[in-house]
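See below for the structure under consideration.
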Amino acid sequence: MKYLKKVAEDESGVILMASTMGIFILLSIFAFYLARFSSIESRTGGYHTLDIKARSLAMTGIEHGIQSYRSSRSTSLISENFNNGTYTVSFDNQSDELGVSLSKTHYLMLESTGTIDDVERNMRLLLSSLPEAFCFALYAENVAGQVYSKPGGSIIGDMFFNGTVQTGSAASNGVTYIGGGTGGVILNPHPAFPDLNTSQYESLLSSAASAPGAYNNFALSFDGNNDYVKINNSSDINTGSHHTQKTIEAWFKVNDKSITNRKQTIYEQGGTVRGLNIYIHGGKLYVGGWNEPGGESNWQGTWLSTNNIQNGTWHHVALTLNGGNSKSNNAFKGYLDGQEFGSGQGSKLWNHPGDISIGRNKDTKFHSGDYNSYRYFGGYIDEMRLWNITRTQAQISAFKDTILDGNETGLTAYYNFQENSGNRANDAQTQSNNDGTKYGATWTAGPVLSKMSNSSFVNKTVNLSSYTDKKLLAKSDLLISNTTFNGPGYIVSDGNITINSNSIINGGIFIVCSGNLYISNSQIGRDYDSPTVVYVEGVANYDNVSSYGIIIAKGSSLMLNNTALYGAVLNYSQSLILTGNSDVIGSVVSKYSVDIQGASASITRGNIPEFSGYLIGLDPFIIPGSLLEF
């Protein structure tokens, strides 16, 4: 019995232990799942917090993108680290986030992505590059209560007129909105007339008003017998130990190019052993260079020539040298009127003292051999420029018509002959002083170079990149006739501007005028991607013109006659007239009524250039309801 009792007690202990272990295992399993649930909930809460932060980052990017575009019209990628994350802002002026094309060329999508760890949020909105008023084909904010009557033509697209619209004068295809009166759908409140920031335009006009007046250019006349300018030896020009790069430029007009009994020397430096020269002989223009000693480069000489010169005509000549210790091909080149006419072997020049002369030679080497007696030039010379760098053809061509400031990189001597009296040929460059002495030569009128006068451009091609800050500033009236201007840049006149005779003003150019603007039979702007901006404070008349861009008219009247404008008009003039076969495809925003006179004239709601990178003084407009998160 005692044994059985003992066995029973032992079995009860085992059962109790087993039960306890089971409960422990169950509790452990429950604790495991509870801990796992707590971990998942914690992770979910953490992701939710990061999601909120990523969304805030994306919104910050949206705000940054709007401000960046508003201030600079830049569409460059923006990427910023902020609050332990990154936001990236991009612009697309072609399509939205789904690749669907935007409805207008002046619309663009602004997309922002906020990223923290592996959590990402995306937002986008659509911008119009111009204010809300430009959403209409015609917007006219005249004094309320006025009556609009359209004698001819048509308005295609929604229009707004702040007053009564007579029957037959409403939009031909679109909704006519009015601010009061009758003849349309009341729109209250209506969009505000755009605010224009004119600070840039006023600054440009102020610069033009203070620009130098008409440039009265002088030159020197050489009689071919004993006239010349002598320049002393200089380490800048010839006596330094090594001269690896050189450019010599001049304007010249020869009296008789066919002379064969002498070489007519325009410029020479050095002597018969080492040197450079420019001269005319037997109807040809020559440029030459040499460095003879065998212990140096053994360059026996290269002479390049062209016969494309005319008597009594101003021409521009340049030679360039880009040489090393030994001879190399294409190191020596010649240019006439900005175009290369030959290249050949060359090397650097060692120290080459001797004569430096304009209008004659002393000791020099011609294509026919050494020459040790004087030979003089008969004609005119101006704008003599000596450089210790190798100028490119593009630089030579772009700046040959330009007045130099004197502090250009590599310029070592500059003789513009503007003294017009005395016997000194002043070195107008600012780094050193290499004045010359004039013997016999007389002062005379120099060539009329387009970038010297800044008042008349006829039968030319002008690159605004060659002007300081890309700005052509005219203090007086400006004439552009049968001339092409290439941008980007600015054409600014503190007076009237006349553009005619098949002139072409290419894209990226601002035309700013304090007086009256007259444009006829010309092309202004190239396409929607290369528009122009025209700002005029006086009368503006367009006659038979094709134009891409925006016209900002601040004067008393604007008239378009037989003109096609692809873009926009911002009109402050009390008189805005469309006549003949004139069409504005884009938008007209006017402070006053528009007089559409021609039966074929029209205003059509259409595309407007986006003006990316253009500071036009107008704020962009956020398309309502376009903010989207995805």
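The values are calculated or read from the model by the stated rules, or taken from the named source; none is laboratory data. Quantities reported herein were computed from a predicted structural model and do not represent experimental measurements. Cβ sites come from the backbone with ideal geometry, for glycine too, and all protein chains shown count toward neighbours.
Just the residues that are without any contact (Cβ under 8 Å) to a residue 60 or more places away in the chain and in a loop (DSSP other than H, G, I, E, B), please, taken from the range 455-488.
The answer is Asn459, Lys460, Asp477, Asn482, Thr483, Gly487, Pro488.
Could you look through the range 258-316, keep only residues that are of a type in the set (Asp, Glu) and in a loop (DSSP other than H, G, I, E, B), and pick out the one that is surrounded by the fewest Cβ atoms within 10 Å (Cβ to Cβ)?
Glu292
Could you list, in sequence order, all residues of the range 395-436 that are in contact with an Asp or Glu (Cβ under 7 Å, 6 or more places away or on another chain) and surrounded by fewer than 18 Cβ atoms within 10 Å (Cβ to Cβ)?
Within the range 395-436, Arg424, Asn426, Ser432, Asn433, Asp435 qualify.
Go through the range 160-182 and count every residue that is of a type in the set (A, V, I, L, M), free of Cβ contacts under 8 Å to residues at least 24 places away in the same chain and crowded, with 17+ Cβ neighbours inside 10 Å. Give the steps one after another, and end with the answer.
Of the residues in the range 160-182, the ones of a type in the set (A, V, I, L, M) are 165, 170-171, 175, 178.
Still in the running and free of Cβ contacts under 8 Å to residues at least 24 places away in the same chain: 165, 170, 175, 178.
Among the residues that remain, those that are also crowded, with 17+ Cβ neighbours inside 10 Å are: 165, 170, 178.
Residues meeting the conditions: 3.
Conditions tested, residue by residue: (1) of a type in the set (Gly, Ala, Ser); (2) out of contact with any His (no Cβ under 9 Å at 6 or more places or on another chain); (3) free of Cβ contacts under 8 Å to residues at least 12 places away in the same chain.
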site	(1), (2), (3)
Thr364	no, yes, no
Asp370	no, yes, no
Thr390	no, yes, no
Ile396	no, no, no
Tyr415	no, yes, no
Arg424	no, yes, no
Ala428	yes, yes, no
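I'd like to know if the range 391-399 contains one or more residues that are outside any strand (DSSP E or B), aromatic (Phe, Trp, Tyr) and closer than 25 Å to Gln431 by Cβ.
Yes, some residue in the range 391-399 is outside any strand (DSSP E or B), aromatic (Phe, Trp, Tyr) and closer than 25 Å to Gln431 by Cβ.
Within the range 238-247, identify whether any single residue is within 29 Å of the chain's Cα centre (by Cα) and in a strand (DSSP E or B), and answer yes or no.
Looking for residues that are within 29 Å of the chain's Cα centre (by Cα) and in a strand (DSSP E or B), one finds at least one in the range 238-247, hence yes.
Starting from residues that are in contact (Cβ under 8 Å) with a residue 60 or more places away in the chain and of a type in the set (Ser, Thr, Tyr), keep the ones in the range 286-345 and report whichever is nearest to Tyr380 (Cα to Cα).
Thr313
Quick one: which of Gly549, Gly617 is in contact (Cβ under 8 Å) with a residue 60 or more places away in the chain, part of a loop (DSSP other than H, G, I, E, B) and crowded, with 17+ Cβ neighbours inside 10 Å?
One residue alone meets the criteria, Gly617.
Per-residue answers, yes or no, for (1) within 17 Å of Gln418 (Cα to Cα); (2) of a type in the set (D, E, K, R); (3) outside the structural domain of Ala331 (by TED's automatic domain parsing):
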residue	(1), (2), (3)
Thr198	no, no, yes
Glu202	no, yes, yes
Asp223	no, yes, no
Tyr228	yes, no, no
His243	no, no, no
Ala250	yes, no, no
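Inspect the range 198-217 for any residue being in a loop (DSSP other than H, G, I, E, B), out of contact with any helix residue (DSSP H, G or I) (no Cβ under 8 Å at 6 or more places or on another chain), charged (D, E, K, R) and farther than 30 Å from Gly323 by Cβ and give the result as yes or no.
No.
Just one of Leu386, Leu349 is closer than 21 Å to Leu285 by Cβ, in the same structural domain as Tyr335 (by TED's automatic domain parsing), of a type in the set (A, V, I, L, M) and touching a helix residue (DSSP H, G or I) at 6+ places or on another chain (Cβ under 9 Å); which is it?
Leu386
Consider the range 183-217. How many of its residues are small (Gly, Ala, Ser), closer than 30 Å to Pro447 by Cβ and surrounded by 12 or more Cβ atoms within 10 Å (Cβ to Cβ)?
Here the count works out to 5.
Would you call Thr198 hydroxyl-bearing (Ser, Thr, Tyr) and under 25 Å from Asp427 (Cβ atoms)?
Taking the combined requirement at face value, the residue does not satisfy it.
One line per residue, one yes/no per condition, for (1) under 22 Å from Asn496 (Cβ atoms); (2) among the polar types (S, T, N, Q); (3) surrounded by fewer than 17 Cβ atoms within 10 Å (Cβ to Cβ):
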site	(1), (2), (3)
Pro531	no, no, no
Ser556	yes, yes, yes
Asn561	yes, yes, no
Ala564	no, no, yes
Gly567	no, no, no
Lys591	no, no, no
Pro609	no, no, no
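Does at least one position in the range 326-337 carry a residue that is in a loop (DSSP other than H, G, I, E, B), more than 28 Å from Phe399 (Cα to Cα), more than 40 Å from the chain's Cα centre (by Cα) and not small (Gly, Ala, Ser)? Spell out the reasoning first.
Within the range 326-337, the subset in a loop (DSSP other than H, G, I, E, B) is 326-327, 337.
From what is left, the residues that are more than 28 Å from Phe399 (Cα to Cα) are 326-327.
Retained after the next criterion (residues that are more than 40 Å from the chain's Cα centre (by Cα)): 326.
Filter once more, so that each one left must be not small (Gly, Ala, Ser): none.
Scanning the range 326-337, I find no residue that is in a loop (DSSP other than H, G, I, E, B), more than 28 Å from Phe399 (Cα to Cα), more than 40 Å from the chain's Cα centre (by Cα) and not small (Gly, Ala, Ser), so the answer is no.
In the range 150-159, how many are surrounded by 17 or more Cβ atoms within 10 Å (Cβ to Cβ) and either modelled with pLDDT under 95 or in contact with an Asp or Glu (Cβ under 8 Å, 6 or more places away or on another chain) (or both)? Full working, then the answer.
We begin by selecting, within the range 150-159, every residue surrounded by 17 or more Cβ atoms within 10 Å (Cβ to Cβ); these are 150, 153-159.
Next cut, either modelled with pLDDT under 95 or in contact with an Asp or Glu (Cβ under 8 Å, 6 or more places away or on another chain) (or both) only: 150.
Going through the range 150-159 one residue at a time, the tally reaches 1.
Return the residues of the range 50-94 that are of a type in the set (S, T, N, Q), surrounded by fewer than 18 Cβ atoms within 10 Å (Cβ to Cβ) and in a helix (DSSP H, G or I); say none if nothing qualifies.
Once the filter is applied, which keeps residues that are of a type in the set (S, T, N, Q), surrounded by fewer than 18 Cβ atoms within 10 Å (Cβ to Cβ) and in a helix (DSSP H, G or I), the range 50-94 yields Ser56, Gln67, Ser68, Ser71, Ser72.
Check Gly507, Gly538, Gly495 and return the single one that is free of Cβ contacts under 8 Å to residues at least 24 places away in the same chain, in a loop (DSSP other than H, G, I, E, B) and more than 24 Å from Tyr414 (Cα to Cα). Reasoning before the result, please.
Details: Gly507 fails: free of Cβ contacts under 8 Å to residues at least 24 places away in the same chain; Gly538 fails: free of Cβ contacts under 8 Å to residues at least 24 places away in the same chain.
Of the residues listed, the single one that is free of Cβ contacts under 8 Å to residues at least 24 places away in the same chain, in a loop (DSSP other than H, G, I, E, B) and more than 24 Å from Tyr414 (Cα to Cα) is Gly495.
Is at least one residue of the range 427-441 within 25 Å of Ser234 (Cα to Cα) and of a type in the set (Asp, Glu)?
Narrowing the range 427-441 to residues within 25 Å of Ser234 (Cα to Cα): 427-441.
If we keep only those that are of a type in the set (Asp, Glu) as well, we get 427, 435.
Yes.
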